[in-house]
Structures are given as structure tokens and as C-alpha cells.
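> For reference, the structure I am asking about is given below.
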Amino acid sequence: MKAAPVPPDDLQKKRLRELPAVDEMLAAARSDPAFARVPAAVLVASIRAAIEAERRRILANDGGARAPGPADGPLMERAKQAVRQAMMPNLRRVVNATGVVIHTNLGRSLLAEEAVERMLAVAGRYSNLEYDLAAGRRGSRYSAVRDLLCEITGAEDAMVVNNNAGAVLISLETIARGRSVVVSRGDLVEIGGSFRIPDVMAKSGAILKEVGTTNRTHLRDYEDAIDPQTALLLKVHWSNYSIIGFTAQVPLAELAALGSRHGVPVMEDLGSGTFVDFSKYGLRKEPTVQESVAGGADVVTFSGDKLLGGPQAGIIVGRTAMVERIRKNPINRALRIDKLTLAALEGTLRLYRDEPRALTAIPTLRMLTATEESLAARARDLTRLLAALADARLSTDTVQLSSKAGGGSLPLLELPSRCLKLRIAGMSANALEAKLRRNDPPVIGRIEDDAFVMDMRTVQEDELAIIAAAISSVLGAT
Ligand SMILES: *Cc1c(COP(=O)(O)O)cnc(C)c1O
């Protein structure tokens, strides 16, 4: 049973009477420029919360029931803090110092400036989203990116949906509902966030026919499984794991040839599709979308915000007859791509017309291909900014660790990087991490050997000053 509340003593009663009224504080707040643009409802709620907190403090005798002070005193400071909290956006930018380039929890890909510009151009204005300006009548939502996608990938036709999970679902539903899809056991993957090929298959109404083994599947395994019920041969790229050792996979071109002999279409889910052959830049080879199209896939699906470095989207390219059917599927209405996404995707795709330009303008590509020298230079710049804080408690150390592509891409890739290890005397790495996480904007790093570690690969050039300011304020507050 809860103890009955103790009635307030005389001093407490006196303090409670001294509490300013909401109206009194409101009047004081109106003349304070800090509250100038705060909506009345937020202001009133913040003042009420501050008074209520003070009332509870008095009743708990916290601080010997000290006087609450005037309407514009410490109580107002507390109201200001509550206002700041309430006015702070929930979805905010953060500084990613984790070294994970495509960090799903931190928003995957950063958009290129050109993509942001395209978004801004249509965000607050009407646009020709589904209006054909040449003909003066209704047009197609996909015309903004369709030709660009065909030009870049060599595909006959293209469309886009909300994300790649949606692209896989609608493709399977369109092509194989009620019929069977032949997939290698090695391809039955789970991507983060509970996206599993067998589950998506079940939701699409297609019947999974698994063939081969986890590590080895041969062309004859697919061939033996083809019967009149077969609607599709599916290949799923191992985007987030790898099988090494005694393995065998059927190359897409062989599967496509088999499909065409039997009149069965072939689809490839590339996951994090890329237009760039990373092996040219010293990274691991990742199959490109162009190779899948040239290899004879009838349908290829991939993400917009993984290695492509664009907005969240699911891109479907392939033969006209297939893409046309997918486009007409009523499910498409539920997976429809938004106009801001479309604008950002167009801006990103345009950059791919010039690969060297794409490598520098698209942040994901720029970070993945950043040279060790440039990362070392960034570490030196940050070290210099921190040294300028001239605080003996702070120690920094540049170390060689490796970054990750992340986002279920290039799973085995370890990118040699430069990291700054930070220690503050008298403060644990955990405490430091928590303080930097609560900075505005938050700085997200990792902890190693009881030090806070910041990987220079994912820190943008203009964020070094933000990090230095965050650390300065941590030092100032302790
Ligand atoms: C990431 C991934 C998906 C899901 O893509 P989203 O764009 O995150 O919806 C599907 N298939 C594969 C192989 C993937 O790697």
C-alpha cells in the first residue's frame, strides 16, 4: 500500500504560496526575447511544468524548501530549458564519426548538393510531377528518371518505388503470384530490419522453390526445378555476407541463358546496386547494375540509398514487357515514390553521367574512395583545432583503424582509415560519449580501449569545427 502523503508543514505552505502564478510568469516571459517566436501553447506548458517541478521540490523538502524566487528568476530559467527542449526538432542532423559510411541508423546516404538543390526546387512549389508539359496533359511520374536510368544502365525500361524491399515485393507479386520461383539456398538471405527473402516471397503470394545447397548451387539444380509452374528464376546478391571456401554460384549470364531456353524470366535483386565498378578504385569488386542488365536479367532491383548514394528508393530496371506489368500493378499505388525523393534521385542520377564527377560530388562515393592521405590530413586538422583549446586534461592520438561500408554493402571490406582517439582526464570514455551524443548537433563515435574514437572517413570537412566546439563545451562544463 502507498503511504499517505505527509501534509505540508508551515514553511512548505509558505513556500507554496510564494510560487509565482502562471499568468505572472507569462507576463514576464512576454518581455523576454528568448521566448519571442515560441507558440503560446508551448510557453504555457513549459511554465506550468517549471512551476509543477518547483512545487514538487518544495513538498519533497529538496534544498530545505528554499524560496522559489521571483517570476523572472531561476524558475524562468527552467521554463526556458523546457521551451528549448520542446522547440528542438525530433529528427535532427548528427555528426557521424563512426566510420560506417552507409549507416542505416544515421540515415544511410547523404545527398549530394545537386540532389538537395533538386529537392528544394520543387518542395515549396508546384511541379510537373505527373504533367506532360509538351503535350499539356497528364504525364508519368517516372519520366523524371526513366530515361536517365535507361541511359546509365543500358536497360530498356525503368521505374522506381519507395524502397528496394518494395521493389522486390512488387516484382515477385507481379511476375510470380500463385506460381513458383526458383532460388538457390545460398540466396535465401536476411537483410537487417527483418527483410527475409522467404518471407517476402510468401507475402508476394509466390511459391518458393529452393534448389542447391548453402555453399554450392549449379546450373542443373535450377534446370531440374523448372516445370510448368515456374514463373521466375531469382538471384539475390549476397550484399551483407559472404561464403568463402568450397563454393559455387551460377553466373547471371548462364542463368539468363537457361531462362531464355525455357521461356522463364530471370530476376536479380542486387540489394545495394552500384553503377560504379569499385575495383577500379582499389576496392572490392561489386557487381554493377550495368553488368546485370548486360548479363540478360529481365528484371533488376536495387536500393537508391546504399552504394548509389541517393535518397531512399527502390529502383527497378529491365525489359519493357516486365517493367510495364510491374508499373500497372495496383500495389504500385501503395509503394509510390514521393516527389521529393524523385527530385533527389534525378539530381543524383544526373551526376552519374560523368563518373569522375560522381565520385567527388556524391558523398557516399567520396567517402568510400577517400585516400588515406586525405583522411590523415583531416585527422591533423582536427588535432590542431583541439590543441587550440589548450586544455591539459585533453589528450588526442591519431590511430590507423578501419572503416566499414555498412548498410549491408561490401561486407568484408575493411577500409584503412585514420581515427582520432580522445581521452579527457577524470572522465570515462562512456561519459564523454554520452556528452557528445547530447551535443547539438550530436557527435556519434565509438568507444575503444576506454577512449572515444572518431573515424575521419565519415566526418565531413565542415564538421571539424563542430566537433571542436562540442569538445570545448564538454571541457567547459566540467
Ligand atoms: C538492402 C537490401 C534490400 C532492401 O533494400 P531497402 O532499400 O533497404 O528496402 C533488399 N535486398 C537486398 C539484397 C538488400 O541488400
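The values are calculated or read from the model by the stated rules, or taken from the named source; none is laboratory data. These numbers come from a predicted model, not from an experiment. We place every Cβ from the backbone using ideal geometry, glycine too, and count neighbours over all the protein chains shown. Please note that ligands, DNA and RNA were not included when accessible areas were found on the heavy atoms of the full protein model with its side chains. Shrake-Rupley method; radii C 1.70, N 1.55, O 1.52, S 1.80 Å.
> So which of Ala65, Ala123, Ala79, Ala97 is open to solvent by less than 10 Å² (accessible area, probe 1.4 Å), under 23 Å from the mean Cα position of the chain (by Cα) and either farther than 27 Å from Val289 by Cβ or not aliphatic (A, V, I, L, M) (or both)?
Ala97
> Related question: Taking Ala344 as the residue in question, decide whether it is open to solvent by 40 Å² or more (accessible area, probe 1.4 Å) and under 23 Å from the mean Cα position of the chain (by Cα).
No.
> Another question, if that's okay. When you go through Glu373, Glu414 one by one, which is the residue that is farther than 13 Å from Leu464 by Cα and free of Cβ contacts under 8 Å to residues at least 12 places away in the same chain? Walk me through how you get there before you give the answer.
Numbers: Glu414 fails: free of Cβ contacts under 8 Å to residues at least 12 places away in the same chain.
Selected residue: Glu373, the only one of Glu373, Glu414 that is farther than 13 Å from Leu464 by Cα and free of Cβ contacts under 8 Å to residues at least 12 places away in the same chain.
> Does Arg78 satisfy the criteria of being assigned by TED's automatic domain parsing to the domain that holds Val317 and more than 15 Å from the ligand (Cβ to nearest atom)?
So Arg78 does not fit the description; no.
> Considering every residue within the range 181-201, establish whether at least one is of a type in the set (Asp, Glu), under 26 Å from Ala155 (Cα atoms) and touching a helix residue (DSSP H, G or I) at 6+ places or on another chain (Cβ under 9 Å).
yes
> Hey, does the range 433-440 have a residue that's in contact with a helix residue (DSSP H, G or I) (Cβ under 7 Å, 6 or more places away or on another chain) and among the aliphatic types (A, V, I, L, M)?
Yes, that holds for at least one residue.
> Which members of the range 206-263 meet the condition of being at positive phi and within 37 Å of the chain's Cα centre (by Cα)?
Within the range 206-263, Gly212, Gly245 qualify.
> Here's a check for you: in the range 394-447, which residue that is in contact with a Cys (Cβ under 9 Å, 6 or more places away or on another chain) and surrounded by 22 or more Cβ atoms within 10 Å (Cβ to Cβ) is modelled with the highest pLDDT?
Gly445
> Further question: Filter the range 306-320 down to the residues that are under 15 Å from Ala165 (Cα atoms) and either free of Cβ contacts under 8 Å to residues at least 24 places away in the same chain or among the hydrophobic types (A, V, I, L, M, F, W, C) (or both), then identify the one that is farthest from the ligand (Cβ to nearest atom). Full working, then the answer.
Within the range 306-320, the subset under 15 Å from Ala165 (Cα atoms) is 306, 311-317.
Narrowing the set further to residues that are either free of Cβ contacts under 8 Å to residues at least 24 places away in the same chain or among the hydrophobic types (A, V, I, L, M, F, W, C) (or both) leaves 313, 315-317.
Working: Ala313: 7, Ile315: 9, Ile316: 12, Val317: 15 Å.
The selected residue is Val317.
> Out of Arg319, Arg325, Arg366, which single residue is over 30 Å from Ser472 (Cα atoms), open to solvent by 20 Å² or more (accessible area, probe 1.4 Å), touching a Ser or Thr at 6+ places or on another chain (Cβ under 7 Å) and modelled with pLDDT of 95 or more?
Answer to the selection: Arg325.
> Follow-up. Against the condition surrounded by fewer than 19 Cβ atoms within 10 Å (Cβ to Cβ), touching a residue at least 12 places away in the same chain (Cβ under 8 Å) and within 16 Å of the ligand (Cβ to nearest atom), how does Tyr241 come out, does it pass?
yes
Each row is one residue, and each column tells you yes or no for (1) of a type in the set (D, E, K, R); (2) within 19 Å of the chain's Cα centre (by Cα); (3) assigned to a loop (DSSP other than H, G, I, E, B).
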{"site": "Ser395", "(1), (2), (3)": "no, no, no"}
{"site": "Glu433", "(1), (2), (3)": "yes, no, no"}
{"site": "Ile447", "(1), (2), (3)": "no, no, no"}
{"site": "Val453", "(1), (2), (3)": "no, no, no"}
{"site": "Ala470", "(1), (2), (3)": "no, no, no"}
{"site": "Thr478", "(1), (2), (3)": "no, no, yes"}
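> Let me ask something additional. In this structure, is Pro228 away from the ligand (no atom under 16 Å from the Cβ) and either assigned to a loop (DSSP other than H, G, I, E, B) or in contact with a helix residue (DSSP H, G or I) (Cβ under 6 Å, 6 or more places away or on another chain) (or both)?
Here the answer is yes, as Pro228 does meet what is asked.
> Right, next: Which of the residues spanning the range 276-305 are within 16 Å of the ligand (Cβ to nearest atom), surrounded by 22 or more Cβ atoms within 10 Å (Cβ to Cβ) and modelled with pLDDT of 95 or more?
Answer for the range 276-305, where residues must be within 16 Å of the ligand (Cβ to nearest atom), surrounded by 22 or more Cβ atoms within 10 Å (Cβ to Cβ) and modelled with pLDDT of 95 or more: Val289, Ser292, Ala297, Val299, Val300, Thr301, Phe302, Ser303, Gly304, Asp305.
> Out of all the residues in the range 134-149, is one or more of a type in the set (Val, Ile, Thr), surrounded by fewer than 22 Cβ atoms within 10 Å (Cβ to Cβ) and in contact (Cβ under 8 Å) with a residue 60 or more places away in the chain? Spell out the reasoning first.
Filtering the range 134-149 for residues of a type in the set (Val, Ile, Thr) gives 145.
From the residues that got through so far, the ones that are surrounded by fewer than 22 Cβ atoms within 10 Å (Cβ to Cβ) too are none.
No, there is no match, as no residue in the range 134-149 is of a type in the set (Val, Ile, Thr), surrounded by fewer than 22 Cβ atoms within 10 Å (Cβ to Cβ) and in contact (Cβ under 8 Å) with a residue 60 or more places away in the chain.
> Filter the range 156-173 for residues that are touching a strand residue (DSSP E or B) at 6+ places or on another chain (Cβ under 9 Å), away from the ligand (no atom under 12 Å from the Cβ) and open to solvent by 10 Å² or more (accessible area, probe 1.4 Å) and give the result.
Within the range 156-173, Glu156 is the sole residue that qualifies.
> Starting from residues that are within 16 Å of the ligand (Cβ to nearest atom), of a type outside the set (Asp, Glu) and not in a helix (DSSP H, G or I), keep the ones in the range 328-341 and report whichever is surrounded by the most Cβ atoms within 10 Å (Cβ to Cβ).
Ranking the candidates gives Ile337 first.
> Could I ask something else about it? Hey, does the range 105-128 have a residue that's in contact with a Ser or Thr (Cβ under 6 Å, 6 or more places away or on another chain), within 13 Å of the ligand (Cβ to nearest atom) and either at pLDDT 95 or above or assigned by TED's automatic domain parsing to the domain that holds Thr348 (or both)?
Checked against the condition, which is being in contact with a Ser or Thr (Cβ under 6 Å, 6 or more places away or on another chain), within 13 Å of the ligand (Cβ to nearest atom) and either at pLDDT 95 or above or assigned by TED's automatic domain parsing to the domain that holds Thr348 (or both), the range 105-128 yields at least one hit.
> Taking the range 174-190, which residues are within 15 Å of the ligand (Cβ to nearest atom) and either surrounded by fewer than 19 Cβ atoms within 10 Å (Cβ to Cβ) or among the aliphatic types (A, V, I, L, M) (or both)?
Those that are within 15 Å of the ligand (Cβ to nearest atom) and either surrounded by fewer than 19 Cβ atoms within 10 Å (Cβ to Cβ) or among the aliphatic types (A, V, I, L, M) (or both): Val181, Val183, Leu188, Val189, Glu190.
> Please state which one of Val211, Val236 is modelled with pLDDT of 95 or more, crowded, with 19+ Cβ neighbours inside 10 Å and more than 16 Å from the ligand (Cβ to nearest atom).
Val211
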